[in-house]
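These notes are about the structure you will find just below.
The values are calculated or read from the model by the stated rules, or taken from the named source; none is laboratory data. Everything quoted here is computed from the prediction, not taken from an experiment. Note that we place each Cβ from the backbone using ideal geometry, even for glycine, and neighbour counts take in every protein chain shown.
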Amino acid sequence: MPTVLEALKNRSSIRAFSDKKIPKETLEKILEAAGMTPSGANMQPWVSYAISNDALLKKIGDAVIEKMDAGVTNDQFIQYYPTKWVNPYKKRRIVTGAGLYKLMEVDRKDNETRIEMWKDNFRWFGAKTVIFVFTDKANIDNSQGVLIDCGAYMQSIMLAAQEFGIDSCPQGSTTEFGRVIAEAMDAPDNLALLYSVVLGYKDSSAKINSYQPERVKLEESVTFID
Ligand SMILES: Cc1cc2nc3c(=O)[nH]c(=O)nc-3n(C[C@H](O)[C@H](O)[C@H](O)COP(=O)(O)O)c2cc1C
């Protein structure tokens, strides 16, 4: 069983999964543990759908891909990525993307393959379970605090999963098509989709899963004041 530090350091985003399904009891344990995530005023603002139904996942994914093919770039409740990229974040984003495409031997200008790779998000990278995390629209009307809570909840899911040998990929790609997804899964009107997390058993033979983008040095992100 990994220690917390091991789980933190060994987790990485997995983008190719085996067919193996996660037992319901295991999913319950992961989500019960994630439910212990702290939140402001103990609001527990996350409203999650753990979908392991192949037909529904295909319906949701197909709905997004259909929109993409029609030229729609987003249809969302919240704007995840910055609308104006500044350094050093811009550079980190470019380096991370370029590293993945280099590993997969995809040319920078090969847009078609890159789009196909992005669409794999909506084929859930072959995983059999996806957790869709919503919050009540009222929670994000004029404030962003619950996004902090729901982000911590995301990490809790991914770390708890590690204990069971289950890997994950967080998805902001679904944030961008939140409204399409909410409609495809017939989610209640008061809910806004924030993100999803793909969960499953990794395909260890898949090259893409060897990608582990580096992090900046501690001094670059933390200022210690003694
Ligand atoms: C909120 C969030 C959204 C993300 N969205 C996507 C996504 O839609 N598709 C994807 O392949 N990876 C996505 N990622 C994974 C990041 O690219 C990844 O976490 C980052 O490059 C660091 O790599 P690592 O997770 O392997 O350590 C997302 C990560 C986070 C935290």
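A few remarks follow.
- In the range 51-69, the residue that is nearest to Ile22 (Cα to Cα) out of those that are in contact (Cβ under 8 Å) with a residue 24 or more places away in the chain and outside any helix (DSSP H, G or I) is Ser52.
- Options Ile148, Ile225; residue that is of a type in the set (Val, Ile, Thr) and either more than 25 Å from Pro38 (Cβ to Cβ) or over 16 Å from the mean Cα position of the chain (by Cα) (or both): Ile225
- Selection of first residues in the range 211-226 that are surrounded by 10 or more Cβ atoms within 10 Å (Cβ to Cβ) and of second residues that are in a loop (DSSP other than H, G, I, E, B), restricted to Cβ pairs under 6 Å at least 6 apart or on distinct chains, gives the following pairs, ordered by first then second residue: Gln212/Ser12.
- A single entry from Ile140, Ile157, Ile131 fulfils the requirement of being surrounded by 17 or more Cβ atoms within 10 Å (Cβ to Cβ), more than 19 Å from Ser12 (Cα to Cα) and touching a residue at least 40 places away in the same chain (Cβ under 8 Å): Ile140.
- Qualifying residue in the range 183-202 (condition: in contact with an Asp or Glu (Cβ under 7 Å, 6 or more places away or on another chain), within 16 Å of the ligand (Cβ to nearest atom) and not in a strand (DSSP E or B)): no
- Only one of Asn111, Asn139, Asn121 that is out of contact with any Leu (no Cβ under 8 Å at 6 or more places or on another chain), at pLDDT 95 or above and farther than 23 Å from Lys202 by Cβ: Asn139
- Top-ranked residue in the range 90-104 [being over 12 Å from Ser210 (Cα atoms) and in contact (Cβ under 8 Å) with a residue 60 or more places away in the chain; ranked as nearest to the ligand (Cβ to nearest atom)]: Thr96
- Among the residues of the range 144-155, at least one is over 26 Å from Lys29 (Cβ atoms) and in a helix (DSSP H, G or I).
- Matching option when the condition is more than 24 Å from Ala152 (Cβ to Cβ), away from the ligand (no atom under 14 Å from the Cβ), in contact (Cβ under 8 Å) with a residue 24 or more places away in the chain and not basic (Lys, Arg), among Ser18, Ser48, Ser39: Ser18
- The residues of the range 156-182 that are part of a helix (DSSP H, G or I) and in contact with a strand residue (DSSP E or B) (Cβ under 6 Å, 6 or more places away or on another chain), listed by number, are Ile157, Met158, Ala161, Thr174, Thr175, Gly178, Ile181, Ala182.
- Candidates are the residues of the range 203-226 that are hydrophobic (A, V, I, L, M, F, W, C) and assigned to a helix (DSSP H, G or I); the one that is farthest from Ser48 (Cα to Cα) is Leu218.
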